[in-house]
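Report on the following structure.
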Amino acid sequence: MLISYNWLQNYFDEKLPEPQKLAEILTFSAFEIEGITPLSPPSKRGEGEGSAGDTVLDVKVLPDRACYALSHRGVAYEVSAITGLKQKEMRWPQPEISEVRPLEVKVEAPQFCNRYTARVIEGVKQKEQPWVKGHLEAIGQRSINPIVDGANIVMFDMGQPLHAFDADKVKGGITVRMARGDEKITTLDNKEINLNDSILVIADDEGPLALAGIKGGKKAEVTNETKNIILESANFDASYIRKTSEKLGIKTDSSKRFENNLTPEFAGRGMADFSTYLYEMDKGIKVGEIFDSRPADSETKSGKCKVEMAFLEVKLGVFISPKEVEDIFARLELKFEKEGNGWIVSPPVFRRDLIIAEDIAEEVARLYGYEKVPESLPPSAKAKENNRFFAAKMLAKKVLTNQGFSEIYGYTFKPEGDLEIAKPLSADKAFLRTELFGGLKEALSKNLEHVLLDAEPVALFELGDVFTVEGEKTFLAVGIKYKKKKFNKSQEVIAHALGNVFQTVGIYEKWNDFVTSKTHETMTKIEEDETGMLVEMDFGKLFELSDKNWPIEIPDFKISEGGYKPISAYPRIVRDVALFVPSDCTAEEVSAVIKDNATNLLSEGPVIFDQFEKNGKKSLAFRFAFQAFDRTLSDDEVNKVVEKIHLSLQKRGWEVR
């Protein structure tokens, strides 16, 4: 949010710190300042007089302070509290009430409209005021017309969104109600929106005039020719505004403020300030009575909480004298009453973020100064018993990885399932998964494309959560896939691997015991074909069968000596070499020569995939792959390396085939 330094100065009789210094003060205690921009004089910028010699601060107001700080007045409150400079009360005399056309207002959806105020003002003569245009441009807003500009001036000044309807375009009274299913509205930016009964609108007798708290409509738009207006200053439910603006895809300065839980008190103040603005522009206006949906004798009460001295000391880690604490309360406009060794604290109505004692402690800490809080280590945590199920999962992972399986993490979101997601990222991710098979199958298929040898399998597993109508469960899925049927040993490998998992975790002594049990039938799914096998089981239920008294320790996972290495984003090139060597020559000797001459482009291999003897000679065949981390290799580049390998092999008297 852009804040005008000159406008901020209006709230203080004393001179504010210079912009750079002020930014430092605010950054350390309240906000992040993302930029400081001095503005040129209006003669050079073509702007109004209001921005002359000004400096604009780009203030990042986070959600925890947005209920009061999305305005110049809110930032001025923080400046006063942090620096101790006394903030002026900004109130102006109200215009006298005149007789105007009648205004009937009905609030039919009070659950979403906390307060609605409205009044008629007639005979408005719109006058351009240079300071208005200059100020709006300084804070990143464009001037529209004097009436709309006034609503924006007040909103950015005090934080209360306002709206004006052209009274001559309104048919009948004003009703705050839910839209009807067949209604539409064209917004001020000329977008037509189909409405339904979940959307709150401001309507006249003929239909919607505005999306409540979000955006106005074209029907009663205020233009330069408008002379008679209905002013609106309201307060809408924060949760409703956030959900509706997101559903409609419309985010505005108004919706941003309402969704951060503004106090209903601002509605009355906003109406008063807006009326004064119009009166200052044209003293001849006729101002009607204010309709207020809130009873005249009601008053918004702020919450109270008890704050003890001992509580502050424990939470902050430092003793702050009661006098200093009370001084901080006063600077923050917190009313307080002494009670025992603490206080009953009442925040001002606009501080909707202060609810519990911890909130008050945080306020005391930031104004006392975080730099004054001594450094200290938190108390050491008491040793807790290991979570046995977590330890069992870690052990299962370690056992499987030690046996050559690689772990995958599949997508939790799927196109089908038992539980649908309210707001999916896409149509094919609209449900939570009910099994692990789908992701494991896909991973096996994709990885098999990159296997160097037909006899080399892809062995993967996943240990993760699934979501069924019965609740969240932990499944284990293990799979092996080969390129060709003749090499398939998946059943033997998986049985051995799962047998080791069961034995380590204390479920069964071996896989065969599990397969012959009834547990196998109720907790396991197996899929098998000519080239592989997949097994999926309810690991959580299986663990319940383990010996509860057997202590499971969480394994210590250590990085191997070689550490991790990155995966190249560029494709690899696979090459084979076959040669005759003397019968006493080993595959390791040949492999060493290939490695020595393959340069640093060698990424995999060499792996021997064929071997036989003929006429007193031994035939060996190797496969290897080349890959770079910074580029795609060309065939010519790889062929030169392979030629170098061939020459080195031939120099040793070996015959390259």
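The values are calculated or read from the model by the stated rules, or taken from the named source; none is laboratory data. Please read these numbers as outputs of a predicted model, since none were measured by experiment. Neighbour counts run over all protein chains shown; Cβ positions are idealised from the backbone, glycine included. Calculation scope for accessible area: heavy atoms of the full protein, side chains included, ligands and nucleic acids excluded. Shrake-Rupley method; radii C 1.70, N 1.55, O 1.52, S 1.80 Å.
Among the residues of segment 330-357, count how many are of a type in the set (Asp, Glu), in contact with a helix residue (DSSP H, G or I) (Cβ under 8 Å, 6 or more places away or on another chain) and open to solvent by 80 Å² or more (accessible area, probe 1.4 Å). Going through segment 330-357 one residue at a time, the tally reaches 1.
Do we find that Ala212 is more than 36 Å from the chain's Cα centre (by Cα), open to solvent by less than 10 Å² (accessible area, probe 1.4 Å) and either closer than 23 Å to Pro102 by Cβ or touching a residue at least 12 places away in the same chain (Cβ under 8 Å) (or both) in this structure? Before the answer, list the steps.
Working: more than 36 Å from the chain's Cα centre (by Cα): no; open to solvent by less than 10 Å² (accessible area, probe 1.4 Å): yes; either closer than 23 Å to Pro102 by Cβ or touching a residue at least 12 places away in the same chain (Cβ under 8 Å) (or both): yes.
So Ala212 does not fit the description; no.
Filtered by the rule that a residue be part of a loop (DSSP other than H, G, I, E, B) and over 59 Å from the mean Cα position of the chain (by Cα), segment 622-657 gives Arg652, Gly653, Trp654, Arg657. The listed residues are Thr226, Thr252, Thr244, and the only one of them that is under 37 Å from the mean Cα position of the chain (by Cα), polar (S, T, N, Q) and surrounded by fewer than 22 Cβ atoms within 10 Å (Cβ to Cβ) turns out to be Thr252. Scanning segment 514-532 for residues that are open to solvent by 10 Å² or more (accessible area, probe 1.4 Å), within 25 Å of Val458 (Cβ to Cβ) and outside any helix (DSSP H, G or I) turns up Thr524, Lys525, Ile526, Glu527, Glu528, Asp529, Glu530, Thr531. Just one of the listed residues (Ala234, Ala151, Ala210, Ala220) is under 30 Å from Asp282 (Cβ atoms), among the hydrophobic types (A, V, I, L, M, F, W, C), modelled with pLDDT of 95 or more and part of a loop (DSSP other than H, G, I, E, B), namely Ala220.
Count of segment 416-472 residues, restricted to those that are farther than 25 Å from Val574 by Cβ, assigned to a helix (DSSP H, G or I) and among the small types (Gly, Ala, Ser), is 3. Residues that are touching a residue at least 24 places away in the same chain (Cβ under 8 Å) and among the polar types (S, T, N, Q) were ranked within segment 349-394; the one that is farthest from Phe461 (Cα to Cα) is Ser376. Looking only at segment 313-321, decide whether some residue is assigned to a loop (DSSP other than H, G, I, E, B), of a type in the set (Phe, Trp, Tyr) and closer than 30 Å to Pro95 by Cβ. No: segment 313-321 contains no residue that is assigned to a loop (DSSP other than H, G, I, E, B), of a type in the set (Phe, Trp, Tyr) and closer than 30 Å to Pro95 by Cβ. Gly268 meets the conditions (1) surrounded by fewer than 21 Cβ atoms within 10 Å (Cβ to Cβ); (2) part of a loop (DSSP other than H, G, I, E, B); (3) in contact with a Ser or Thr (Cβ under 7 Å, 6 or more places away or on another chain); (4) not acidic (Asp, Glu) in every case but one. The failed one is (2). Scanning segment 473-506 for residues that are open to solvent by less than 50 Å² (accessible area, probe 1.4 Å), part of a loop (DSSP other than H, G, I, E, B) and over 19 Å from His520 (Cα atoms) gives Tyr482, Asn488.
Each residue in segment 606-641 was checked for being within 21 Å of Lys651 (Cβ to Cβ), in contact (Cβ under 8 Å) with a residue 12 or more places away in the chain and not hydrophobic (A, V, I, L, M, F, W, C), and 4 pass.
Please determine, by comparing only the residues of segment 419-472 that are hydroxyl-bearing (Ser, Thr, Tyr) and over 24 Å from the mean Cα position of the chain (by Cα), which one is least open to solvent (accessible area, probe 1.4 Å). Ranking the candidates gives Thr468 first.
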